[in-house]
Amino acid sequence: MKIYVFQTEKELDTFVGQHIIDFIQENEKPVIGFATGSTPLGVYDYFIDAYQNKNVDFSKVVAFNLDEYVGVEKTHPRSFATAMRDSLFKKINIKDENIHALNGKAEDMKEECCRYDREIEDNPIDIQILGIGMDGHIAYNEPGSPFDGGSHVVDLHQESIQSSLDYGFDRIEDVPTQGVTQGIATIMKAKQLIMMAKGEKKAKLVKRMLKGEVSEDFPSSIIQRHENVIVVLDKEAAKCLKEEDYERC
Ligand code: F6R
């Protein structure tokens, strides 16, 4: 596992953005897994700038979103599908038919999860962008989620519901109480994981994720078992790590 710590958010975003752009340029069919939330937004801005400056072509990129709220149409203003569309997809030349997402409004959620896992099996993810939730979740795999599980519906924990207020919900009562998410087994099949964390509020969580016991009680700890992980942190998120644990960038 490589752990890089950057002095500024901008340097971190540039590093991740350029790493993925290089991959896109070198590959015929790059399959990228995208996360919503606030952490990757600077990377998405980097992609948009690069596209506007004609430095990258996203037309051959195949995209998979990580997760979605249950009971929410993809066109809902607070859906993760809308968040990805607004923050990135509508501003670059990715093809609509190449954007894959879980449908939180599917009639049969079990079948929807199987459909999604099959799509990912047919288009293995090359690089998966990840963030860590305030309860240690990755995607919406909350504490207790099985390490060997595929996509599934999950009851959101209180911390995750609370964090959703940052994503534009006005009132806690408006936040859906269930999510549907790629499972940990699905995520672990990605060829490379890029775990991003920013800010002091993530510092203790980052330490537990990277140095703590690998346990279903703290789902993001599973990344310790992936053979190709890049962890990118700003200096605040790295505060609880020892200097010898990471490379300073
Ligand atoms: C989002 C997702 C979540 C977030 C995590 C961190 O698709 O799967 O696991 O990555 O909750 O969220 P932020 O970046 O808002 O701190």
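One table, with the values for the structure above:
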quantity	calculated
Residue match in segment 107-128 (condition: among the polar types (S, T, N, Q), closer than 21 Å to A83 by Cα and touching a residue at least 12 places away in the same chain (Cβ under 8 Å))	yes
Residue that is closer than 23 Å to H100 by Cα, in contact (Cβ under 8 Å) with a residue 12 or more places away in the chain and touching a Lys or Arg at 6+ places or on another chain (Cβ under 7 Å), where the choices are I184, I230, I132	I132
Pair list, Cβ under 6 Å, 6 or more apart: segment 195-212 residue touching a residue at least 24 places away in the same chain (Cβ under 8 Å) and more than 9 Å from the ligand (Cβ to nearest atom), other residue part of a helix (DSSP H, G or I) and small (G, A, S)	M209/S220; M209/S221
Residue match in segment 147-168 (condition: farther than 19 Å from E216 by Cβ, in contact with a helix residue (DSSP H, G or I) (Cβ under 6 Å, 6 or more places away or on another chain) and within 14 Å of the ligand (Cβ to nearest atom))	no
Cβ pairs under 7 Å, 6+ apart, first in segment 33-58 and in contact (Cβ under 8 Å) with a residue 40 or more places away in the chain, second of a type in the set (K, R) and within 11 Å of the ligand (Cβ to nearest atom)	T39/K198
Subset of segment 67-122 (residues that are basic (K, R), more than 30 Å from V56 (Cα to Cα) and either part of a helix (DSSP H, G or I) or within 16 Å of the ligand (Cβ to nearest atom) (or both))	K110, R115
Top-ranked residue of segment 123-132 - restricted to ones that are within 11 Å of the ligand (Cβ to nearest atom) and assigned to a strand (DSSP E or B), ranked as most open to solvent (accessible area, probe 1.4 Å)	G131
Criterion (closer than 28 Å to I21 by Cα and in a helix (DSSP H, G or I)) met by exactly one of L210, L205	L210
Looking only at segment 196-249, and only at residues there that are open to solvent by 40 Å² or more (accessible area, probe 1.4 Å) and touching a strand residue (DSSP E or B) at 6+ places or on another chain (Cβ under 7 Å), the one that is nearest to S160 (Cα to Cα)	R208
Residue satisfying condition, being more than 16 Å from the ligand (Cβ to nearest atom), at negative phi, open to solvent by 50 Å² or more (accessible area, probe 1.4 Å) and in a loop (DSSP other than H, G, I, E, B), within set D57, D49	D57
Candidates D135, D148, filtered to the one that is at negative phi and either in a helix (DSSP H, G or I) or crowded, with 19+ Cβ neighbours inside 10 Å (or both)	D135
All positions within segment 1-26 that are open to solvent by less than 70 Å² (accessible area, probe 1.4 Å) and assigned to a loop (DSSP other than H, G, I, E, B)	Q7, T8
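The values are calculated or read from the model by the stated rules, or taken from the named source; none is laboratory data. Keep in mind it's a predicted model, so treat the numbers as computed, not measured. Neighbour counts run over all protein chains shown; Cβ positions are idealised from the backbone, glycine included. To get the accessible areas, we keep the full protein, side chains included, count just its heavy atoms, and leave off ligands, DNA and RNA. Shrake-Rupley method; radii C 1.70, N 1.55, O 1.52, S 1.80 Å.
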